[in-house]
1. Taking the condition of a type in the set (Val, Ile, Thr), assigned to a loop (DSSP other than H, G, I, E, B), modelled with pLDDT under 95 and open to solvent by 30 Å² or more (accessible area, probe 1.4 Å), does Val2 pass?
2. In segment 37-96, how many are assigned to a helix (DSSP H, G or I) and either within 14 Å of Glu6 (Cα to Cα) or open to solvent by 60 Å² or more (accessible area, probe 1.4 Å) (or both)?
3. Report, ordered by the first and then the second residue, all pairs with beta carbons closer than 7 Å, sequence separation of six or more or different chains, a first member in segment 5-17 that is closer than 21 Å to Cys95 by Cβ and open to solvent by 100 Å² or more (accessible area, probe 1.4 Å), and a second member that is assigned to a loop (DSSP other than H, G, I, E, B) and of a type outside the set (D, E, K, R).
4. Sort out which residues of segment 18-33 are part of a strand (DSSP E or B) and open to solvent by less than 70 Å² (accessible area, probe 1.4 Å), and write them in order of number.
5. Pairs, please: C-beta under 8 Å, at least 6 apart or cross-chain, first residue of a type in the set (Val, Ile, Thr) and in segment 61-87, second in a loop (DSSP other than H, G, I, E, B)?
6. Residues of segment 97-113 being at pLDDT 95 or above and open to solvent by 20 Å² or more (accessible area, probe 1.4 Å), which ones?
Amino acid sequence: QVQLEESGGGLVQPVGSLNLSCTAPGTIFKIYLMGWYRQAPGKQRELVADITNDGNIEYADSVKGRFTITRDNAKNMVYLQMNSLTPENTAVYYCKVDAVYQSYWGQGTPVTVSS
């Protein structure tokens, strides 16, 4: 069973920062898109940001200018640098990998923004 390894979540005060990371195993064939989604309590899962193999990036409007997604293709890793966090960013953050034959989800890493 393919598992994505996520890390970096936790408790942070408002206006603080966190950096999430996700590692996909090398056994996944032809990854073309890596990204981050989040699901807040009582809400649907939504796209935060994603990045293609050649660096094309999409951000949710609510995180533009505060969050930065990057990717290391050689290591099959994707990162999400989150700055100026607000309580509204509290959610479980999920890594997603889209490959030629299948998509994969991580287990989720919780992010809580609270004073």
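1. Yes; evaluated as a whole, the condition is true for this residue.
2. Matching residues across segment 37-96 total 7.
3. From residues that are closer than 21 Å to Cys95 by Cβ and open to solvent by 100 Å² or more (accessible area, probe 1.4 Å), the pairs are Leu11/Ser114.
4. Selection gives Leu18, Leu20, Ser21, Cys22, Thr23, Ile31, Leu33.
5. That search, which allows pairs on different chains as well, returns Thr68/Asn83; Val78/Ala24; Thr86/Pro14; Thr86/Val15.
6. Within segment 97-113, Ser103, Tyr104, Trp105, Gln107, Gly108, Pro110, Thr112 qualify.
The values are calculated or read from the model by the stated rules, or taken from the named source; none is laboratory data. Source: prediction; values computed, not measured. Reconstructed Cβ throughout: ideal geometry from the backbone, glycine too, with neighbour counts over all protein chains shown. Side chains are part of the model used for accessible areas, which takes the heavy atoms of the whole protein and leaves out ligands, DNA and RNA. Shrake-Rupley method; radii C 1.70, N 1.55, O 1.52, S 1.80 Å.
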